[in-house]
Structure formats: C-alpha cells, structure tokens
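Accompanying notes for the structure given below.
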Amino acid sequence: MGKMTYAIVLISSILLLTVYFLYRLKKIQRTKAELNRTLEEAQKIIANAMARNKQLEASLQHQLKSNEELFKTERKRIATDLHDDIIQRMVVVRFRIEQLLYYPIHKRAEDEVKLLHRDLESIIGDIRYLIDDLVQPKFELQTFTELVKSLVDRLARVLHRKVEFNVQYEDDEFHLAPHIKRELYYIIQEAAQNSLNHSVAFILLISLSWENGLSVIIEDDGQGLLQRGRGEGYGTVSIQQRAVAIGADLSIKSTSRGLVILLEYKNSQ
C-alpha cells in the first residue's frame, strides 16, 4: 500500500510538472510570436523611415542641384551685366577724361585729370577682376596649383602690378576636397589683394610647395602692417577664420621689408 501511494504521488507530480512545462512552453511560444510580430512591425517602420529618408535625400539633392544651377546662372548674368553695361559706360567716361587733356588747361587741373584717369583705370581693373572671379571654373575641375596660377595671371593682368609665382614638388600635389581648395584659394586671393591695394609694394610673390603637405608663402616688398595704418589686425581676420575652419596653420610676419604670410595645410587623407 505504501509503495502504491508513493507511485501515485510520483506519477501525479510528473503529470503536474508536465502540465506546468506545457503551459510555460505555450506561454513562451506566445511571447515569441508576439516578439516576432513586434520585430516585424519595427522592421516595417524602419523600412518606411529609410524609404522616406531616401526620398527626402533625393529631394534635397535635386533642390541643391537646382540651386547650384540658379546660382551659376545668376553669376553669369551679373558678370555679363558688369561687362556689357558698367564697363562699357566707364570706358566712355575714361575716353571723355582723356579728351580733356587735349585742351589747354591749368597744370593743377591737368594733374587732377590724370589722377582721375588713373583711378578710373584702377576701378575698371577691379571690376574686370570681379568678372573673371564670377565666371571662374568650379573648384572641382582644376588642381589647386592651376587655380593659383590662374589667380596670379589675372592679378597681374588687371591690377598692373608685378606678381610672381613659383611652385615646388608639383608632382607631389595631392587631392584636396573642393571646399578645402576653395577656402585655401580665397585666403591667397584676399591676402594678395590686400597686399596689392595697401602695401605700396612693387612685387608680390606667391610660392607653393607640395613637399610634406602644402605650404603657401605670400610675400611683398611693401610696408609692414603697422605702416599700412591699420595695425596688426588689418586684413587678417577673414583669412584667419578661413584657416581655422579647415584646420590650416597660418602665420603673418610684418617686417621692415614687407609682409610674409605662411599658410600650411597637411594632407589628412
């Protein structure tokens, strides 16, 4: 009788445990099914979000391309207006000023006319430089050396100053992202224009070296910063900001023999 009772209790316990485990198994299966449904819903949500992001990205790229085309068209329109209208009208004024020199006038008046003529020539040169800058090739299409060489040629042509250019280790020139190339170019352009406009220099030298990175030296034989009447901060704020923005090193040295600007950019690729 005792053994029978023990066997019944054992069988009953096994049955109860089996029922319990079956119940837990069904619960786990239901939980797994719910998790699978939740996972599928999450995957659908993620897929829909990715699809929307792709559409948004495509829309933004299309808008950006449209804006670039509009900007390019507007630059060309402004350049054309400056050349066909403003420049031509100023050339007529210059011609009329030149005609004044054919009349007998007082020496002081003649000197003033010559000064006006020179100033007008300078203004026309600045506008022509602006026109060239408006229609310059995109930074994606030219190497940095080519861009700087074109800048030097243009400066020498429209500003009637001696601007020299040299480059070392050109074969080592490395790729620069367009936005890096643009900022470096504008640093050189602004420094060069400040030198030509305010330094009373006869010669401006722009040198590039591609040895162990990019080094740019801009130097003139004019007055130092303090002699230019604006102190050490003159003409440097913008180029310093551009240099900081792209991680370039910039140093400016003012000496009795002129100004030296050293710009260094290391290849981060």
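The values are calculated or read from the model by the stated rules, or taken from the named source; none is laboratory data. All of these numbers come straight from a predicted model, not from anything done at the bench. Don't worry about glycine lacking a Cβ; one is built from the backbone with ideal geometry, like all the others, and counts go over all protein chains shown. Please note that ligands, DNA and RNA were not included when accessible areas were found on the heavy atoms of the full protein model with its side chains. Shrake-Rupley method; radii C 1.70, N 1.55, O 1.52, S 1.80 Å.
Please state which of the following conditions Phe202 fails to meet, knowing it meets all the rest: (1) at pLDDT 85 or above; (2) among the aromatic types (Phe, Trp, Tyr); (3) open to solvent by 70 Å² or more (accessible area, probe 1.4 Å).
(1)
If you check Glu57, Glu98, which single one turns out to be touching a helix residue (DSSP H, G or I) at 6+ places or on another chain (Cβ under 7 Å), surrounded by 10 or more Cβ atoms within 10 Å (Cβ to Cβ), on the phi < 0 side of the Ramachandran plot and assigned to a helix (DSSP H, G or I)? Steps first, answer last, please.
Values: Glu57 fails: touching a helix residue (DSSP H, G or I) at 6+ places or on another chain (Cβ under 7 Å).
Exactly one of Glu57, Glu98 is touching a helix residue (DSSP H, G or I) at 6+ places or on another chain (Cβ under 7 Å), surrounded by 10 or more Cβ atoms within 10 Å (Cβ to Cβ), on the phi < 0 side of the Ramachandran plot and assigned to a helix (DSSP H, G or I), namely Glu98.
Output the residue which, of all residues in region 245-259 that are of a type outside the set (Ser, Thr, Tyr) and surrounded by fewer than 16 Cβ atoms within 10 Å (Cβ to Cβ), is nearest to Gly222 (Cα to Cα). Break it down into steps so the answer makes sense when it comes.
To start, the set of residues in region 245-259 that are of a type outside the set (Ser, Thr, Tyr) comprises 245-250, 252-253, 257-259.
Subset that is surrounded by fewer than 16 Cβ atoms within 10 Å (Cβ to Cβ): 245, 247, 249, 253, 257.
Numbers: Ala245: 29, Gly247: 29, Asp249: 24, Lys253: 13, Arg257: 6 Å.
Once the filter is applied, the top-ranked residue is Arg257.
If you go through region 70-95, how many residues are open to solvent by 100 Å² or more (accessible area, probe 1.4 Å) and not basic (Lys, Arg)?
Looking only at that region, the number is 3.
Of the residues Lys27, Lys32, only one is open to solvent by 90 Å² or more (accessible area, probe 1.4 Å) and free of Cβ contacts under 8 Å to residues at least 60 places away in the same chain; which? Don't jump to the end; show me each part of the working.
On the way: Lys27 fails: open to solvent by 90 Å² or more (accessible area, probe 1.4 Å).
Exactly one residue qualifies, and that residue is Lys32.
Provide a single number: the residues in region 101-122 that are open to solvent by less than 80 Å² (accessible area, probe 1.4 Å) and either within 27 Å of Gln193 (Cβ to Cβ) or in a helix (DSSP H, G or I) (or both).
Number of matching residues: 9.
In region 154-182, how many residues are of a type outside the set (A, V, I, L, M, F, W, C), more than 12 Å from Leu214 (Cβ to Cβ) and out of contact with any strand residue (DSSP E or B) (no Cβ under 8 Å at 6 or more places or on another chain)? Lay out the reasoning, then the answer.
Applying the first criterion (of a type outside the set (A, V, I, L, M, F, W, C)) to region 154-182 yields 154, 157, 160-162, 164, 166, 168-173, 175, 178-179, 181-182.
When the remaining residues are screened for being more than 12 Å from Leu214 (Cβ to Cβ), the result is 154, 157, 160-162, 164, 166, 171, 178-179, 182.
Now narrow it down to the ones that are out of contact with any strand residue (DSSP E or B) (no Cβ under 8 Å at 6 or more places or on another chain): 154, 157, 160, 171, 178-179, 182.
So the answer is 7.
Here are Asp84, Asp171: which of them is among the acidic types (Asp, Glu), at pLDDT 85 or above and in a helix (DSSP H, G or I)? Lay out the reasoning, then the answer.
Working: Asp84 fails: at pLDDT 85 or above.
Testing whether each residue is among the acidic types (Asp, Glu), at pLDDT 85 or above and in a helix (DSSP H, G or I) leaves just Asp171.
For the condition within 22 Å of Lys266 (Cα to Cα), at pLDDT 90 or above and of a type in the set (Gly, Ala, Ser), what is the one hit in Ser209, Ser238? Before you say what the answer is, go through the steps one by one.
Numbers: Ser238 fails: at pLDDT 90 or above.
Step by step, each of Ser209, Ser238 is checked, and only Ser209 is within 22 Å of Lys266 (Cα to Cα), at pLDDT 90 or above and of a type in the set (Gly, Ala, Ser).
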